[in-house]
Each structure stands twice: as structure tokens, then as C-alpha cells.
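The values are calculated or read from the model by the stated rules, or taken from the named source; none is laboratory data. This is a predicted model, so every value here is computed, not measured. In this analysis, Cβ positions are derived from the backbone assuming ideal geometry, glycine residues included, and neighbour counts consider all displayed protein chains. In case anyone asks, the SASA skips ligands and DNA or RNA and just uses the protein heavy atoms, side chains included. Shrake-Rupley method; radii C 1.70, N 1.55, O 1.52, S 1.80 Å.
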Protein chains: 2
Amino acid sequence: MRFASRMECLQDKALLNAMELTETEDMISFSAGFPSSETYPVADIKEAFVQVLDHEGEEALSYCSTSGFGKLRELIAKRMYDKFGLDYKTGEVVITSGSQQALDMSSMLFINKGDVVLFETPSYLGAVNALKAYEAELVALPTDREGLILDSLKQALDQYGDRVKLIYVIPDFQNPTGRSWSAERRKQFVDFIADYDIPVIEDAAYSELSFEDKLEKPLSYYDKKGQVVYVGTFSKTFCPGLRVAWLCAKEQLMEKFLILKNAADLSSSAIAQRQMAYYLSHYDLDAHIKKITSLYLERRNLMMEVIDREFPKEVGYVIPKGGLFIWLELPEGKDSRELLKRALAEKVAFIPGGSFYPSGVKNNELRLNFSNMKGEEIIKGMTILGHLTREYLAE
Amino acid sequence: MRFASRMECLQDKALLNAMELTETEDMISFSAGFPSSETYPVADIKEAFVQVLDHEGEEALSYCSTSGFGKLRELIAKRMYDKFGLDYKTGEVVITSGSQQALDMSSMLFINKGDVVLFETPSYLGAVNALKAYEAELVALPTDREGLILDSLKQALDQYGDRVKLIYVIPDFQNPTGRSWSAERRKQFVDFIADYDIPVIEDAAYSELSFEDKLEKPLSYYDKKGQVVYVGTFSKTFCPGLRVAWLCAKEQLMEKFLILKNAADLSSSAIAQRQMAYYLSHYDLDAHIKKITSLYLERRNLMMEVIDREFPKEVGYVIPKGGLFIWLELPEGKDSRELLKRALAEKVAFIPGGSFYPSGVKNNELRLNFSNMKGEEIIKGMTILGHLTREYLAE
């Protein structure tokens with residue numbers, strides 16, 4: 001049978017495998033970017049489902065409109081204004097089935113085969129997959145500790161010119177590195193890119209998972225042109241099993257996104273959206289986020305402690321100030337895939353860094369998730385990994 | 001801003017509008033293909049949600065694997081075997097977010113820009129949209145009362161040759177005509193197409209909504225080559241608000257579908273899938289389907305009665321033996337869009353037939369949904385529509 005040419009671009013199953021590794025019961029897995037499931041407010045969610053089914057059961061089990069449940073979109077718009085100063089109207093919010101779908105729709109809207117997408121590197125595998133499915137040419141841009149390096153961005157824009165159709169970035173607690181852009185760099189980036197007619201996808205999946213009280217202003221906050229498309233989700237701050245996320249764009253763009261959402265799956269689940277709206281109206285999501293970020297901070301600290309104690313000093317890292325990930329750098333010439341092979345034999349999993357490079361490959365890094373494993377598992381798994389790393393680097 | 005070229009193909013908002021028309025409170029709408037929401041077993045579904053959250057809450061709120069919840073896939077495979085004799089293994093079933101997503105994934109897998117897709121005509125708008133989003137060239141094939149006309153199929157295959165990448169059909173209670181293929185035509189079609197290396201999407205959205213006891217065997221039942229991809233859904237037999245549907249394909253194809261599902265939205269909602277699995281295990285879906293098909297049969301009969309009484313005799317129809325739709329044909333030269341304009345002014349909605357022609361247009365037909373409106377609304381709305389039709393045809 002003959003397949004579309006896109007299938008040749010989509011051979012990378014790293015993300016699929018990451019999920020599968022984590023599903024093995026006896027594995028200590030630092031692979032997947034999952035929140036900690038024991039934090040899910042199961043009883044409150046149950047109550048919300050019961051209330052929704054008792055009072056609006058028929059509507060909750062029917063098709064929802066393509067843009068999503070109005071009340072939820074309104075609550076999200078308000079919440080983004082309160083938290084980040086973002087000024088989106090309800091009509092500028094569309095509910096998506098996870099933020100992955102928002103990335104898929106963004107690729108679909110902007111990308112023809114062979115178009116260039118500029119990417120922070122390393123970056124999120126799911127976005128890489130979504131873009132590869134539309135046969136984008138992914139061009140990696142280097143970052144420093146402040147964010148995307150603007151000189152490199154300018155150079156890429158000069159080099160690829162009109163072929164550049166999209167820029168994809170994660171300014172907060174980036175996946176996989178855990179790093180955030182500085183406020184200064186955000187402003188500079190938006191100022192700079194305003195001279196180009198190129199849309200920017202701002203993936204804000206981790207933005208609220210800060211270990212500090214202050215949240216950075218999103219790129220969208222500085223955007224006066226309607227050039228930035230903002231993607232948010234409840235998967236990391238609440239729970240991923242509902243598949244409720246959102247995409248914000250100014251009116252003209254939103255019209256097009258709705259056509260694509262309709263073609264993709266008609267609409268997202270009405271009951272999941274109504275449950276979420278009920279929860280946001282009757283419970284305190286911010287208190288919940290405070291609870292989970294405290295837990296993740298503890299786990300991050302524990303992981304850093306074991307790294308400092310058990311890992312060789314040549315292993316580099318930046319301490320993340322939020323999010324779900326720690327990014328380790330082995331000395332040049334070492335390969336984290338080799339380390340993974342040995343770790344799996346001892347029932348410890350992580351994702352080798354090479355998977356996060358959309359083009360070109362750098363193999364001496366690795367991503368560790370610290371949100372999803374309990375304290376004792378972090379100590380045990382990281383101690384094993386430390387010993388294995390020590391052995392491997394000594395070879 | 002510059003958009004992908006696909007956006008030029010996707011101007012048809014008929015389906016979006018159909019949903020919006022139905023949302024107007026005082027409209028008697030025969031537009032959308034919705035099940036009757038008062039039939040949803042709200043209390044049983046609530047109980048299922050409560051049980052799932054009480055006993056497997058953390059798992060239900062976590063990410064699901066890309067292929068879907070194993071238990072649900074197993075139950076679906078068994079159900080399809082019991083009902084239709086279909087022999088799919090659990091591993092050959094992937095859960096999708098509504099059958100629209102299965103159509104999107106199928107387009108994605110097989111279609112490059114400009115590839116030809118053969119279509120029954122008229123046909124389902126959502127499939128048209130999914131295929132247009134990948135810039136397929138849609139070639140309409142005529143049908144008769146037995147199903148797709150094989151001579152026309154052969155002619156199209158001769159004419160378009162290697163450019164034909166996919167065939168899309170709805171053999172049972174087709175949307176929009178309500179017609180079903182005969183058993184004989186099904187066998188002939190599968191025999192015939194087995195000589196070609198072209199995949200067939202069998203959309204079985206309405207297959208179980210039969211007003212007779214016997215269910216026809218699907219095309220997949222006759223398929224020995226693994227050429228037919230079967231798409232099923234709970235949206236019409238149960239409720240659409242959960243967005244739980246499925247796609248079946250033989251192993252080699254399934255591998256590719258999973259890569260695309262992963263790129264599209266990672267996975268479908270874990271809680272919706274577990275709720276569905278609980279319902280299937282603890283309640284009697286067949287009894288529920290029997291209940292709703294009895295109701296739909298009553299409503300179909302009522303609608304036919306009003307048509308026979310109030311509509312001019314020149315209006316043609318075939319009495320549907322299942323599904324959700326009646327298809328009316330006005331005399332040649334008349335335009336159902338004109339009729340719709342007048343109907344909307346009197347708060348009655350339907351979908352003009354032209355919307356269901358992927359290429360070329362025939363404007364003298366219309367689709368009426370009979371499942372979604374209560375008896376008195378059917379009488380009132382159809383009486384108004386009958387008078388308007390009489391007036392219009394007399395001009």
C-alpha cells in the first residue's frame with residue numbers, strides 16, 4: 001500500500017516509547033513529562049462530574065460547538081488576564097484536545113511541505129512530530145540562559161527568507177531543558193520579530209509551574225500585532241486525562257483555526273469541558289497549583305541532592321526554577337543512549353537528549369523528569385543512575 | 001500572514017453552520033446529525049463515572065497510551081465480532097476522539113496534495129472536510145439503490161490510475177441519503193477492489209441504527225487482504241459528548257495510524273474511555289440501542305406521514321430503514337438553498353443537499369434529520385416546510 005510522503009518524516013517513535021517505558025510496573029521512570037498522579041484532586045473532580053451530570057447531563061453528553069464550551073472559554077480568558085495580564089476575549093479562545101492538538105492545528109494552518117520552521121533547540125518532541133507530519137523543514141536555533149539567541153534568529157531569517165513560515169518556542173521552564181527566557185529577552189524577541197510577517201507559537205504548557213511567586217509575562221503580553229498564538233493546557237497544572245487545553249489567537253486567525261478544529265475532530269468533549277468549568281468556578285485551582293509546585297520543588301531538590309552526591313563532577317546542569325525537568329550534560333563524546341541501555345537493564349529510564357534535536361543531533365545530554373516519581377524512587381533511581389554514569393565516564 | 005495552501009480548499013463552513021443553527025433555542029432544526037439527547041442514559045453514565053473515579057481515579061485522570069485503554073479496545077473487538085462477525089484483534093483497534101479524528105488520520109496517512117479520493121456522492125461533509133484539509137482531489141462516484149455503481153468505479157480507476165489513493169464509503173444508512181448497500185453489492189465491491197492496491201475507509205457510524213433485526217455484514221467482513229479500514233463510533237449509538245470512537249486496521253497499517261494519533265493529540269481521554277469500558281461491562285448497550293432505534297423509527301414514521309400529507313407529490317424520497325436521515329429530492333431546476341432561506345425565516349432548519357457533493361453540485365435536494373426533534377416539533381416543523389415547499393414549487 002502507498003502512503004503519504006509525510007510518513008517518511010515520522011519515524012521517530014521516541015515519545016511513544018517514553019510512554020511505554022513508563023507503563024512498565026517495576027520501572028523507575030524519569031522519562032515522561034507527567035504530573036504526579038497522586039496529586040490529582042480525584043474527589044473534587046468526581047463531585048464536579050456528578051454536579052454536571054445532575055444539572056446539565058444532556059448538554060454535557062451532546063456535541064459541543066467547535067470553539068468549545070462558552071463558559072469554560074470565558075473562565076480561561078479571565079484566568080489568563082488575572083495571572084499574566086493577557087487580554088484575550090472569549091471569542092479568541094478555542095478549546096483543544098490537549099495542547100498537542102493545538103500544535104497540530106498550528107502546523108496545519110501554516111505549513112506546506114518544505115516550509116521552514118524555526119525552533120529552539122533542544123525542544124519538545126511532540127511539537128517536532130506535529131510539524132514533521134506536515135513535512136516542515138525544522139531549523140534549530142541555539143539558546144543561551146536568557147532564551148533564544150536573537151543574532152542566530154536574524155541569521156536564520158536572512159538565510160531562509162520567505163521560506164520561514166513559523167517559529168515555535170517554549171519560553172517558560174522549557175521542555176526538555178527546564179530553562180526560562182528572561183523578561184528582557186522576551187521583549188527583545190517580540191520587538192524584533194514584529195518586523196517580520198511570521199507567526200510565533202508560544203507553548204505555555206509549564207508556565208504556571210513556577211517555584212517562585214512571580215510568573216513571567218508571556219510573549220503574547222508584549223505582542224501588539226496579533227502575531228503570537230498562545231497555547232495553554234490543564235494537563236500539567238491539573239490532570240492530563242481530561243484532554244482539555246486551549247489556543248488563543250486574534251480574531252482573523254481564530255476563524256481559520258476553527259475551520260481546522262472542525263476538520264480534525266468536530267469539537268472537544270463537552271463533558272470534560274463542563275467538568276473543568278465547574279471545577280474552576282467552585283474550587284481553587286491556584287491553591288492546587290501551589291500544592292503541586294511545592295511537591296515538585298521538594299522532588300527537584302531531592303534529585304539535585306542525589307546528583308551532587310552521586311554523579312561525577314563533570315556532569316553539567318542548570319537548576320530549573322519550575323516545570324518538570326532537569327537537563328544533564330555529559331562530557332563531549334559521551335553518549336546518553338549508551339547510558340540509557342545500561343540504566344534500563346537496572347530498571348531505570350530517562351530520555352536521551354538526542355531525541356530533542358529536531359535537526360542535527362547532540363548525544364551527550366539527557367532529560368530527567370522529577371515530578372512523577374516519589375521521593376524514595378528518586379533516591380533509588382538517581383543513585384543507580386549516578387553509579388552507572390560514574391562507571392561510564394571512567395571508561 | 002501567509003497560510004498553508006490547504007486553507008484555500010477549506011472554505012466550506014456548512015457543517016459549522018449546521019451546528020450553530022441547531023444551537024439557536026427557538027429553531028426547529030432538522031439540520032445536524034445528532035442523536036436524541038433525552039435518550040442518553042445520564043444516570044447510568046454518572047454511576048459509571050463515579051465507579052471509575054472511586055476505583056481507578058488516578059489512572060483515569062492520567063495520560064492514556066496512544067492506542068487507547070486496553071480493556072475498552074478488547075470490549076470493542078469482542079462486540080464487533082459478536083455483532084458483525086468482524087475478526088479484529090485488540091491490537092488492531094485504536095481509540096480516536098470521535099470518528100472525525102479517524103477520518104482525519106486516514107486522510108493524513110494516505111493523501112498527498114493532489115491525490116485522488118473516490119467518494120460516494122452525495123456524502124458526509126465531515127469526511128469531505130477531513131480530505132480537503134490534505135488537498136485531495138475528490139472524485140464523486142454515483143450510487144444507485146444497491147450502493148456504489150461498480151462500472152463507474154472501474155471507469156474512475158481507469159481514468160485516474162495511480163493517482164487514486166483512497167476510497168471512502170458509508171455502506172449503512174448513509175449520510176446524507178439514509179440508503180444502505182445490498183449484501184450482494186458489498187461482496188462484489190470487495191471482490192472487485194481486491195485487484196487494486198487501494199485502501200478503503202468504511203465509515204460505520206450508523207451501522208447499528210437499524211430498524212430491522214438483521215444487521216448487514218460490513219465490507220470489512222468480506223475483506224481478506226486487510227485493505228478495508230473500519231471506523232466505528234459511540235457518538236450515534238450512545239452519546240457524542242464523550243468523543244469515543246475507534247478505527248480498526250490490520251497490524252502493519254495500525255503501526256502507522258498510531259504514529260499519526262500520537263502526532264495529532266498524543267491519546268484520547270482516559271476517563272472517557274474508562275467510563276465507556278465500565279458502561280459496556282456493567283450495562284446493556286444493545287438494549288439501549290434497541291430503545292433509541294424504536295424511538296427513531298417512530299419519528300421517521302411521523303416525518304414520512306407529514307411528508308405524505310403536506311408535501312407536493314413531485315418531491316421524491318426513499319424510506320430509510322435505519323440511521324438518522326431522510327433525503328428529499330425537489331424537481332430539477334429547484335434550489336433547496338432558496339427553500340432553506342424561507343424556512344429559516346419561519347424558524348425551521350435543514351441542510352441543503354448541495355453541501356454533500358464534494359465535487360460538482362446538485363442543488364435540488366435536502367437532508368432532514370429525524371432523530372433529534374420531538375414528535376410535536378416534527379409535526380410543526382415539517383408542516384411548515386411542506387407548505388413552504390408547496391408554495392415554492394408552485395412558482
Evaluate the following for residue A:372: is it of a type in the set (S, T, N, Q), closer than 30 Å to residue A:169 by Cα, touching an Asp or Glu at 6+ places or on another chain (Cβ under 7 Å) and open to solvent by 10 Å² or more (accessible area, probe 1.4 Å)?
no
Given (1) of a type in the set (D, E, K, R); (2) within 14 Å of chain B (Cβ to nearest Cβ); (3) touching a Leu at 6+ places or on another chain (Cβ under 9 Å); (4) touching a residue at least 60 places away in the same chain (Cβ under 8 Å), index of the condition residue A:83 fails:
(2)
Only one of B:124, B:88, B:81 is open to solvent by 10 Å² or more (accessible area, probe 1.4 Å), under 19 Å from the mean Cα position of the chain (by Cα) and not assigned by TED's automatic domain parsing to the domain that holds residue B:365; which?
B:124
Tell me whether the stretch A:206-226 contains one or more residues that are open to solvent by less than 10 Å² (accessible area, probe 1.4 Å), within 13 Å of chain B (Cβ to nearest Cβ) and of a type in the set (A, V, I, L, M).
no
Meets criteria (within 13 Å of chain A (Cβ to nearest Cβ), in a helix (DSSP H, G or I) and at pLDDT 95 or above) for residue B:188
no
Does residue B:329 fit the bill of being out of contact with any Asp or Glu (no Cβ under 6 Å at 6 or more places or on another chain), open to solvent by 40 Å² or more (accessible area, probe 1.4 Å) and in contact (Cβ under 8 Å) with a residue 24 or more places away in the chain?
no
Which residue is most open to solvent (accessible area, probe 1.4 Å), if the candidates are limited to the stretch B:156-182 and must be hydroxyl-bearing (Ser, Thr, Tyr) and not in a strand (DSSP E or B)?
B:160
Considering the stretch A:356-369, residues that are modelled with pLDDT under 90 and crowded, with 23+ Cβ neighbours inside 10 Å, and then whichever is farthest from residue A:330 (Cα to Cα), we arrive at A:358
Hey, among the residues in the stretch A:68-78 that are closer than 15 Å to residue A:282 by Cβ and either in contact with a Leu (Cβ under 8 Å, 6 or more places away or on another chain) or open to solvent by less than 30 Å² (accessible area, probe 1.4 Å) (or both), which one's nearest to the other protein chains (Cβ to nearest Cβ)?
A:72
Looking only at the stretch B:134-148, and only at residues there that are open to solvent by 50 Å² or more (accessible area, probe 1.4 Å) and in a loop (DSSP other than H, G, I, E, B), the one that is farthest from the other protein chains (Cβ to nearest Cβ)
B:145
Exactly one of (1) touching a Leu at 6+ places or on another chain (Cβ under 9 Å); (2) under 20 Å from residue A:167 (Cα atoms); (3) within 12 Å of chain B (Cβ to nearest Cβ); (4) open to solvent by 10 Å² or more (accessible area, probe 1.4 Å) is unmet by residue A:65. Its number?
(2)
Which listed residue, of A:47, A:58, is open to solvent by 10 Å² or more (accessible area, probe 1.4 Å), within 7 Å of another protein chain (Cβ to nearest Cβ), in a helix (DSSP H, G or I) and farther than 24 Å from residue B:264 by Cβ:
A:58
Scan the stretch B:264-285 and give yes if some residue there is over 30 Å from residue A:262 (Cβ atoms) and aliphatic (A, V, I, L, M), otherwise no.
no
Within the stretch B:32-44, which residues are assigned to a helix (DSSP H, G or I) and within 9 Å of another protein chain (Cβ to nearest Cβ)?
B:37, B:38, B:42, B:43
On the basis of being surrounded by fewer than 16 Cβ atoms within 10 Å (Cβ to Cβ) and of a type in the set (Val, Ile, Thr), does residue B:384 make the cut?
no
Please go through the stretch A:306-328 and pick out each residue that is among the charged types (D, E, K, R) and farther than 18 Å from residue A:379 by Cβ.
A:313, A:314, A:321
Hey, any hits in the stretch A:256-270 for a residue that's of a type outside the set (Asp, Glu), under 19 Å from residue A:36 (Cα atoms) and at pLDDT 95 or above?
no
Kindly evaluate residue B:99 against the criterion of being within 14 Å of chain A (Cβ to nearest Cβ) and open to solvent by 10 Å² or more (accessible area, probe 1.4 Å).
yes
Looking only at the stretch B:307-325, count every residue that is under 19 Å from the mean Cα position of the chain (by Cα) and open to solvent by less than 30 Å² (accessible area, probe 1.4 Å) and tell me the total.
5
Of (1) surrounded by 24 or more Cβ atoms within 10 Å (Cβ to Cβ); (2) modelled with pLDDT of 95 or more, residue A:304 satisfies every one except (1)
Just to be sure I understand, how many residues within the stretch B:242-252 are at the interface with another protein chain (Cβ under 7 Å from one of its Cβ atoms) and open to solvent by 10 Å² or more (accessible area, probe 1.4 Å)?
1
Which of the residues belonging to the stretch B:254-304 are of a type in the set (A, V, I, L, M, F, W, C), in contact with a strand residue (DSSP E or B) (Cβ under 7 Å, 6 or more places away or on another chain) and facing chain A (nearest Cβ under 9 Å)?
B:258
Kindly indicate whether residue B:24 is within 30 Å of residue B:345 (Cα to Cα) and at the interface with chain A (Cβ under 10 Å from one of its Cβ atoms).
no
With respect to residue A:208, is the statement that it is among the charged types (D, E, K, R), assigned to a loop (DSSP other than H, G, I, E, B) and either within 22 Å of residue A:40 (Cα to Cα) or at pLDDT 95 or above (or both) true?
yes
Do we find that residue B:197 is within 14 Å of another protein chain (Cβ to nearest Cβ), touching a helix residue (DSSP H, G or I) at 6+ places or on another chain (Cβ under 9 Å), open to solvent by 20 Å² or more (accessible area, probe 1.4 Å) and without any contact (Cβ under 8 Å) to a residue 40 or more places away in the chain in this structure?
no
Among the residues of the stretch B:102-133, the number that are within 9 Å of chain A (Cβ to nearest Cβ) and over 19 Å from residue B:247 (Cα atoms) is 5
